[in-house]
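Student: One structure, as structure tokens, below. Some questions next.
The values are calculated or read from the model by the stated rules, or taken from the named source; none is laboratory data. If you're wondering where the values come from, they're calculated on a predicted model, not measured in any experiment. We place every Cβ from the backbone using ideal geometry, glycine too, and count neighbours over all the protein chains shown.
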Amino acid sequence: MSDIATTSAAALPAARSGPAPRHRLWRLTQGAGLILGLYVLLYALYAYQQPRALDAYAIAALMNNTAPLALAAAGQTLVVLSRGFDLSIAGVISLCNVVLAVYPLEGPGGALVSMLLCLAIGGAVGAVNGWLVAYLRLQSIAATLATMIICQGIALVILNAPGGYVSEWIADELTGRLWGAVPVSGLAVAAVVGLWLLVRRTDYGVALYAIGADEPAAALSGVNVRRTRFLTFVMAGMLYGLAGLMLSAQTATGNPNSGAPLLLLSFAAVALGGTSLSGGRGGLFASVMGAATLTLLQKVLFSSGVSSFYTGLFQGVVLIVAVVFSGLLTRIGERK
Amino acid sequence: MTDATGRPDIGERQPSFREMRASGVSKSYGATVALEHADIALRAGEVHALLGENGAGKSTLVRIFTGAVIPDRGEMQLHGETYAPRSILEARQREVATAFQELSLVPNLTVAQNFLLPSLARPGRPLISARQVIARGADILERHALRRIDPAARVGDLPLAERQRIEIARAIENAGRVLILDEPTASLAETDWLFEQIGKARARGVAILYISHRLAEVREICTSATVLRNGRSIGTVGLGSASDGDIFEMMVGHRVEHARRPGRVAGTASAPRLAAEDLAGHGLHGVSFQLGEGEILGVAALEGQGQRGLFRVLAGLETPTGGGIRVDGKAAAYRTPRAALRCGSGISYLPEERKTEGILAGLSAATNVVLPFLPRVGRAGLIGRRDEERAALPAAQNVALSPRYLGFAIGDLSGGNQQKALMARTLATGARTLLLFDPTRGVDVGTKESIYAAIRAFAEGGGSVLFYSSELPEIVQLADRCLVLYGGQVFGELEGADIAEQKLVAAMIGHGTRPPAGHSSVSSAGPVHAVAESAR
């Protein structure tokens, strides 16, 4: 036996068993390569149609439109990676929006308090979701459907019809540009992505992917499944809170139903980014790019003069094509 | 937790009176007793075998040791201290680790990540260094003579045998005191590597519990064995002094022969009802047999020897990758259970999982019974409640299911009555061939007798039955003929009075069996391909 060991050691490293070297095409489907390419392509089309699309102002406007969906999709990605669905996204965003519109707090200090308030609302709803799903073992769709309805109800109690004003400081500064160039909303999204890249490298990050792929195996490997799930919902809730803040800054007014349109679009963004809805595969940055693509698509269609009624149609078709295409690429990659 | 790898200091331990001892351990799930009373003692530096038939309680005992299941009663001691782990991590902190039969590796993580779960980061550091994880993984692979495996490979991309080795290596890595190996050779072709690793762990003073169905292997590596039967530990024997026959007897429990139904006159002139020719795929590697009119053919096998695939292929749930099926002498190619039911004289399947594949819990027992022929029940397409119960009545009487249960939601009935209703459904389809997968799993003795009676009556009326059972006495009682599956092949075939539990057990473990007269001789060395083919 020891003879065999030494001879095989001599043949290293070529003799290592395991998968063959990854095909380059296959690598593209891992991570955000595919969706990034799609976005660049679409942006080129946009710039071709609208030469002003490369202005700092136009970029900032696009970022402002993108940020709420991007942050919401980022939160949804966490839950989807753990093999769950989170519908409370609509409730949290609506709730944060009406709170900011009904209780505007002026000045940078007020904005800070407002942001903490949004994070607290999201975190609290996320904690309830996490408790229901991780500890009481409710199905995530059922549990988060309930919390969504509750949040929507509370939002209606606070503000029963569209109205109110978000504080001027938030509406101006969060949609503005730093030094006339860097859009604040883009910075917020970049900060979240940066944070994710760190989280991904923690024990929690590895556990998140593990429980999404195979919960019993993860549990038998010593992963604390319940705590991981709980944390995931709390962090997702806080990201929805941020999305609510950015949405409020953009609309500058309150609407008790403002979060509803983002619910299904967040799933679309996650799927477009190539994250598997059955858990354990994908990433947050890809979902952010998916959200950006969906928003950019709206702009491109608008500037092409297509009626906004057709936007949904195009978004759906792009989603199907992207998912089929990435599935094909993955299959080709696995065959190699 | 001292070190994330949990690797103990090797030099300090000396084999003395350090042991893991469990006494009077029991566990039940509702009314089902998984483990009734188990006593076992594992000594440091010794390899101890745990033997028993399917369902004897081995897995439950393993899960209790691991902290995955908390026992109802009984106490355990580890090195003289009370041992009552409430989680896997707690067991691991006490240096007890398990290589699970079903493997507990996360497929989308790398080999190195799997080794280090759940703590990949160095203590006190929040972030994981990918390079360090790979290096530590390579280190562990190196220690267990697995250098050929790439620590950065995704576990899901590796072949099953390598995954099993990784699972074992991880358990050895975490086991400072007790190592539990549950069917460690299930997907390993050779045992050299495993036995070498076990030898190293034993030299370190680790107590090892070795669970395997392969007696030859057990004799090679273990010094003593504890036998479990029906959830009770029957006794512990030194393997040097016990013969195979003694051990089989302890596993089976009795030499008493059950009343058998009188031998059937075999060899009817007509074509066999159902014939499999060299079936392959879904765990099968060339299975051939014939099932005649009025015959009850048993299938005996340990778990995972291809019986599941065989039944699912024959029932039309899976498509075989090779070979063919003949029904009434004609080649048949059906792909759904519905087509199987309509093929020739009809094939009807009683599935393995009552809860998930069998009953429709919310509907009444009568609806569950008449489901396959619902269109025939109603009048002008409308089905009244009474119609279903009337149509279900004859079938219910066949299996002695009390008519008063027909109106109840089947989910509210006892397991035994649910099984009777399913058996009634299988009979009521009118098919002349029944495929019964463990028809009496988890039911009480009375229900068993009713189901046996129904099967016998069906066969006496000219019907053909192929059934698998995890309970050997059942095969002995019912079968005219019995196939033994091992490793996806027909390893042996027993007929008439030859069907005895000890012979079956021996054949099921892949141990040499004397084939019935007229067959080519079966060597004890390994499975022989398609013995049934030469039956004529």
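Student: Yes or no: the range A:201-220 includes at least one residue that is touching a residue at least 40 places away in the same chain (Cβ under 8 Å), more than 12 Å from chain B (Cβ to nearest Cβ) and touching a Gly at 6+ places or on another chain (Cβ under 9 Å).
Tutor: There is no residue in the range A:201-220 that is touching a residue at least 40 places away in the same chain (Cβ under 8 Å), more than 12 Å from chain B (Cβ to nearest Cβ) and touching a Gly at 6+ places or on another chain (Cβ under 9 Å).
Student: Looking at (1) away from chain B (no Cβ under 14 Å); (2) over 23 Å from A:LEU297 (Cα atoms); (3) buried (at least 24 other Cβ atoms within 10 Å of the Cβ), which is the one condition that is false for A:GLY273?
Tutor: Checking A:GLY273 against (1) away from chain B (no Cβ under 14 Å); (2) over 23 Å from A:LEU297 (Cα atoms); (3) buried (at least 24 other Cβ atoms within 10 Å of the Cβ), the one that fails is (2).
Student: Additional query: Looking at the range A:236-259 only, could you name the residues that are assigned to a helix (DSSP H, G or I) and either free of Cβ contacts under 8 Å to residues at least 24 places away in the same chain or under 21 Å from A:GLY130 (Cα atoms) (or both)?
Tutor: The initial filter retains those residues of the range A:236-259 that are assigned to a helix (DSSP H, G or I), namely A:236-251.
Hits for the range A:236-259 are A:ALA236, A:GLY237, A:MET238, A:LEU239, A:TYR240, A:GLY241, A:LEU242, A:ALA243, A:GLY244.
Student: Here's something else I'd like to know. Take the residues of the range B:210-246 that are farther than 22 Å from B:MET20 by Cβ and surrounded by 21 or more Cβ atoms within 10 Å (Cβ to Cβ): which is farthest from the chain's Cα centre (by Cα)?
Tutor: So, considering only residues that are farther than 22 Å from B:MET20 by Cβ and surrounded by 21 or more Cβ atoms within 10 Å (Cβ to Cβ), the one farthest from the chain's Cα centre (by Cα) is B:LEU215.
Student: Here is a further query. Quick one: would you say B:GLU460 is in contact with a helix residue (DSSP H, G or I) (Cβ under 8 Å, 6 or more places away or on another chain) and acidic (Asp, Glu)? Write out each step before concluding.
Tutor: Details: in contact with a helix residue (DSSP H, G or I) (Cβ under 8 Å, 6 or more places away or on another chain): no; acidic (Asp, Glu): yes.
Against the criterion (in contact with a helix residue (DSSP H, G or I) (Cβ under 8 Å, 6 or more places away or on another chain) and acidic (Asp, Glu)), B:GLU460 does not qualify.
Student: Let me spell it out: the conditions are (1) surrounded by fewer than 22 Cβ atoms within 10 Å (Cβ to Cβ); (2) within 18 Å of B:ALA454 (Cα to Cα); (3) in contact with a strand residue (DSSP E or B) (Cβ under 6 Å, 6 or more places away or on another chain); (4) not basic (Lys, Arg), and B:CYS343 meets all of them except one. Which number is the exception?
Tutor: Failed condition: (2).
Student: Right, something else. Determine if the range A:173-196 includes at least one residue that is within 14 Å of another protein chain (Cβ to nearest Cβ) and either loosely packed, with under 15 Cβ neighbours inside 10 Å or free of Cβ contacts under 8 Å to residues at least 24 places away in the same chain (or both).
Tutor: Checking the range A:173-196: at least one residue is within 14 Å of another protein chain (Cβ to nearest Cβ) and either loosely packed, with under 15 Cβ neighbours inside 10 Å or free of Cβ contacts under 8 Å to residues at least 24 places away in the same chain (or both).
Student: Go over the candidates B:GLY67, B:GLY124 one by one and state the one that is among the small types (Gly, Ala, Ser) and either at the interface with chain A (Cβ under 8 Å from one of its Cβ atoms) or touching a residue at least 24 places away in the same chain (Cβ under 8 Å) (or both). So that I can check it myself, show each step before the final result.
Tutor: On the way: B:GLY124 fails: either at the interface with chain A (Cβ under 8 Å from one of its Cβ atoms) or touching a residue at least 24 places away in the same chain (Cβ under 8 Å) (or both).
So the residue among B:GLY67, B:GLY124 that is among the small types (Gly, Ala, Ser) and either at the interface with chain A (Cβ under 8 Å from one of its Cβ atoms) or touching a residue at least 24 places away in the same chain (Cβ under 8 Å) (or both) is B:GLY67.
Student: May I pose another question? Out of the range B:152-161, which residues are buried (at least 21 other Cβ atoms within 10 Å of the Cβ) and either closer than 18 Å to B:VAL96 by Cα or facing chain A (nearest Cβ under 9 Å) (or both)?
Tutor: Within the range B:152-161, just B:LEU158 meets the criteria.
Student: Now for a separate question. For the range B:70-189, which fully contained helices (runs of 4 or more DSSP H) count at least 1 residues that are among the acidic types (Asp, Glu), closer than 30 Å to B:GLY306 by Cα and modelled with pLDDT under 95?
Tutor: Because the criterion is at least 1 residues that are among the acidic types (Asp, Glu), closer than 30 Å to B:GLY306 by Cα and modelled with pLDDT under 95, the helices (runs of 4 or more DSSP H) in the range B:70-189 that meet it are B:160-174.
Student: Then there's this: Need the failing condition index for B:GLY416 against (1) in a helix (DSSP H, G or I); (2) under 20 Å from B:PHE467 (Cα atoms); (3) modelled with pLDDT of 85 or more, just the number.
Tutor: Result: B:GLY416 fails condition (3) only.
Here's the yes/no breakdown for (1) assigned to a loop (DSSP other than H, G, I, E, B); (2) modelled with pLDDT of 85 or more; (3) among the small types (Gly, Ala, Ser); (4) in contact with a strand residue (DSSP E or B) (Cβ under 7 Å, 6 or more places away or on another chain):
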site	(1), (2), (3), (4)
B:ALA242	yes, no, yes, no
B:PHE248	no, no, no, no
B:HIS258	yes, no, no, no
B:ASP278	no, yes, no, yes
B:HIS285	no, yes, no, yes
B:GLN290	no, yes, no, yes
B:THR319	yes, yes, no, no
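Student: Please verify whether the range B:349-360 includes one or more residues that are in contact with a strand residue (DSSP E or B) (Cβ under 7 Å, 6 or more places away or on another chain), aromatic (Phe, Trp, Tyr) and surrounded by 13 or more Cβ atoms within 10 Å (Cβ to Cβ).
Tutor: Yes; the residues of the range B:349-360 include at least one that is in contact with a strand residue (DSSP E or B) (Cβ under 7 Å, 6 or more places away or on another chain), aromatic (Phe, Trp, Tyr) and surrounded by 13 or more Cβ atoms within 10 Å (Cβ to Cβ).
Student: Could you please let me know if A:ILE170 is in a helix (DSSP H, G or I), aliphatic (A, V, I, L, M) and at pLDDT 95 or above? Break it down stepwise before answering.
Tutor: Numbers: in a helix (DSSP H, G or I): yes; aliphatic (A, V, I, L, M): yes; at pLDDT 95 or above: no.
Taking the combined requirement at face value, the residue does not satisfy it.
Student: Just the residues that are farther than 18 Å from B:ALA201 by Cα and surrounded by fewer than 21 Cβ atoms within 10 Å (Cβ to Cβ), please, taken from the range B:86-100.
Tutor: Scanning the range B:86-100 gives B:ARG86, B:SER87, B:LEU89, B:GLU90.
Student: Sticking with this one: For A:GLY222, all conditions in the list (1) under 28 Å from A:ALA210 (Cβ atoms); (2) among the small types (Gly, Ala, Ser); (3) modelled with pLDDT of 95 or more hold save one; what is the number of the exception?
Tutor: (3)
Student: Looking at A:PHE325, A:PHE309 in this structure, which one is away from chain B (no Cβ under 14 Å), over 30 Å from A:LEU117 (Cβ atoms), of a type outside the set (Gly, Ala, Ser) and free of Cβ contacts under 8 Å to residues at least 40 places away in the same chain?
Tutor: A:PHE309
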